[in-house]
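Reading through the structure tokens given below for one structure.
The values are calculated or read from the model by the stated rules, or taken from the named source; none is laboratory data. Everything quoted here is computed from the prediction, not taken from an experiment. Cβ coordinates were reconstructed from backbone atoms using ideal geometry, including for glycine residues, and neighbour counts include every protein chain displayed.
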Amino acid sequence: MNKVSGILLSLFMVFSVSSVGYSSPMEKLTDCFINSCVMVECRYELTLHGTLVKGDAVVQVQGTSYRMTAGGLDSFCDGHTLWTIDNEAMEAVAEPVEDGPAGYAANPALLIMRLGDAFDVEKSSSSNGRWIYVLSAKTDCGIKKAEIVMTSAGILIQGKFSLSDGTVVKMEVISMTSSALKPASYFRPETNFGKTWVVTDLR
């Protein structure tokens, strides 16, 4: 699940490269993630070694915190701990999130604040109200290259990601909305883990 979580969150963590001008669509999107809670519904296709996996995901991101539903699993991360919950199997895993590059796999949202250290804008262009950005990694963060399409207002449309292990992910955004900031508790699980649950706490 960590891999899928990291891939999906990657869609949101590549929009804050410091070399991009403040009025650019990427800056507008970054400002939205910092000052509000952003919910994105999307479809994804993940290809690795000829195997194709398709799915839908709903992700809510606020600063370095997020919650996500994808592939029948729920993930919650408050910036310190990542919980992965399988309600059907009644299993849950809690693990710590480290600060810096070591924590990006568990919480890629950390990169929202640090993209200038991880990515360069290789190319940017605009056509018919759409902006296309090609980003290349300058440090090992699990993603080698990303191609992002968004509107001039900073609304996500689609993305393609090439990961270090050869995985290629294509994503299409169905909807993107923002709301007022949520309390920290919103990014922690509400489930009451009773005796019938298998809980693995790695903290």
Inset, instruction - Show the residue pairs that are 6+ apart or on different chains and have beta-carbon atoms under 6 Å apart, the first residue being within the range 178-191 and within 10 Å of Q62 (Cα to Cα), the second being among the charged types (D, E, K, R) and assigned to a loop (DSSP other than H, G, I, E, B). - result: A184/D78; F187/D78
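Can you pull out the residues in the range 171-203 that are of a type in the set (G, A, S) and under 17 Å from Y66 (Cβ atoms)? It would help to see each step written out before you state the result.
Just the residues of the range 171-203 that are of a type in the set (G, A, S), to begin with: 175, 178-180, 184-185, 194.
Answer for the range 171-203, where residues must be of a type in the set (G, A, S) and under 17 Å from Y66 (Cβ atoms): S175, S178, S179, A180, A184, S185.
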Inset, instruction - Being of a type in the set (G, A, S) and surrounded by 22 or more Cβ atoms within 10 Å (Cβ to Cβ) is the filter here, so list the residues in the range 66-87 that pass it. - result: S75
Inset, instruction - Examine the range 138-148 for a residue that is in contact with a Pro (Cβ under 7 Å, 6 or more places away or on another chain), at pLDDT 75 or above and either among the charged types (D, E, K, R) or over 17 Å from C42 (Cα atoms) (or both), and state whether such a residue exists. - result: no
Legend entry - Criterion violated by V169 - all others in (1) in a loop (DSSP other than H, G, I, E, B); (2) among the β-branched types (V, I, T); (3) in contact with a helix residue (DSSP H, G or I) (Cβ under 6 Å, 6 or more places away or on another chain); (4) touching a residue at least 60 places away in the same chain (Cβ under 8 Å) satisfied: (1)
Legend entry - Answer residue from the range 38-58, given it is at pLDDT 85 or above and touching a Cys at 6+ places or on another chain (Cβ under 9 Å) and is surrounded by the most Cβ atoms within 10 Å (Cβ to Cβ) among those: A57
Inset, instruction - Check off (1) buried (at least 17 other Cβ atoms within 10 Å of the Cβ); (2) farther than 19 Å from T64 by Cα; (3) in contact with a Ser or Thr (Cβ under 9 Å, 6 or more places away or on another chain) for Q158 and give me the number that stays unchecked. - result: (3)
